[in-house]
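Colleague: Pasting in a structure now, in structure tokens, and then I'll have a few things to ask.
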Amino acid sequence: MFNKIMVPVDLAHITQIEPSLKVSADMARHYQAEVCYVGVTANTPGSVARTPEEYAQKLEAFAQQRGDVHGQPVSSRTISRVDPVADLVDTLVKAIDEVDADLVVMPTHAPNHLDIVIPANGSQVASRTDASVFLVRPEDDD
């Protein structure tokens with residue numbers, strides 16, 4: 001059913017996105033699908049890398065490491081933007097087409113009252129693409 005799974009990744013927040021990484025690994029194994037890890041970074045130095053090129057190297061290393069976890073083919077795509085937060089939804093929607101993904105697995109927050117004013121990125125991406133979008137909520141800290 002799925003051939004290529006796109007997983008948006010923020011290398012500065014791996015712990016928070018771990019649930020979506022687990023789901024994407026399970027889906028990749030189940031469907032024997034390639035996983036493309038997409039990272040959106042700023043053109044300026046950040047907490048993860050000083051340049052987009054350095055970020056791309058770190059994202060590729062991360063992708064290879066994750067490929068060892070699930071055993072399916074992997075790829076990575078780094079996209080640099082002047083303001084990655086403001087352009088995130090547009091950038092991810094465009095990336096879905098560019099990498100030819102038919103499934104997107106991405107983290108999301110628990111619903112709250114602010115969603116009425118500021119919709120979550122995942123719901124905005126889902127409403128603007130033909131690809132299936134699987135939103136993964138954070139794990140409970142019970």
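The values are calculated or read from the model by the stated rules, or taken from the named source; none is laboratory data. The model shown is predicted, which means the values in this text are computed figures rather than measured ones. In this analysis, Cβ positions are derived from the backbone assuming ideal geometry, glycine residues included, and neighbour counts consider all displayed protein chains. Remember, those area values only see protein heavy atoms, side chains included, never the ligands or the DNA or RNA. Shrake-Rupley method; radii C 1.70, N 1.55, O 1.52, S 1.80 Å.
Colleague: Identify all aspartates and glutamates with a Cα-Cα distance to residue 22 below 12 Å; exclude those on the same chain that are fewer than 8 residues away in sequence.
Modeller: 139
Colleague: Residues with amide H under 5 Å of residue 5's amide H, sequence separation 5 or more or different chain, H placed in the peptide plane at 1.01 Å from N; which?
Modeller: 34, 35, 36
Colleague: Let me ask another. Give me the aspartates and glutamates in straight-line cross-link reach of residue 4: C-alpha distance below 18 Å, same-chain residues under 8 apart excluded.
Modeller: Residue 4 reaches 26, 34, 60, 68, 97, 98, 100, 102, 130.
Colleague: How large is Rg/Rh for the chain, to two decimals, with Cα atoms and a Kirkwood Rh?
Modeller: On the way: Rg = 14.5 Å, Rh = 15.3 Å.
Using Cα coordinates only, the ratio equals 0.94.
Colleague: What share of the DSSP beta bridges in the range 4-136 is antiparallel, in percent to the nearest 5?
Modeller: Values: 0 of 20 bridges.
Looking only at bridges with both residues in the range 4-136, the antiparallel portion is about 0 percent.
Colleague: With every protein chain in place, what's the accessible area of residue 85 (1.4 Å probe, Å², nearest 10)?
Modeller: Counting only protein heavy atoms, the figure is 120 Å².
Colleague: Probe radius 1.4 Å, ligands and nucleic acids ignored: give me the carbon and sulfur share of the accessible area of the range 4-136 as a rounded percent. Working shown, then result.
Modeller: Numbers: 3560 of 6940 Å².
Roughly 51 percent of what the probe reaches on the range 4-136 is carbon or sulfur.
Colleague: So, one more: Could you list the trypsin sites (Lys or Arg not before Pro) in the range 29-70 that lie in coil according to DSSP, counting only those with at most 15 other Cβ atoms within 10 Å of their Cβ?
Modeller: Numbers: sites: 29, 50, 58, 66; in loops: 50.
Of the trypsin sites (Lys or Arg not before Pro), the ones in loops of the range 29-70 whose Cβ has at most 15 other Cβ atoms within 10 Å are 50.
Colleague: Counting pairs of alpha carbon atoms under 8 Å apart in space and at least six apart in sequence, what relative contact order in percent does the chain give? Can you show the working numbers first?
Modeller: Working: 244 pairs, mean separation 41.5, N = 142.
Across the chain, relative contact order equals 29 percent.
Colleague: While we're on this one: Run the helix sum for the chain: -39,500 (n - 2.57) per DSSP H stretch of 4+ residues, divided by residue count, reported at 222 nm to the nearest 500 deg cm²/dmol. Spell out each step's value before the answer.
Modeller: On the way: 4 runs with 55 residues, N = 142.
After summing the helix terms and dividing by the residues of the chain, the value is -12500 deg cm²/dmol.
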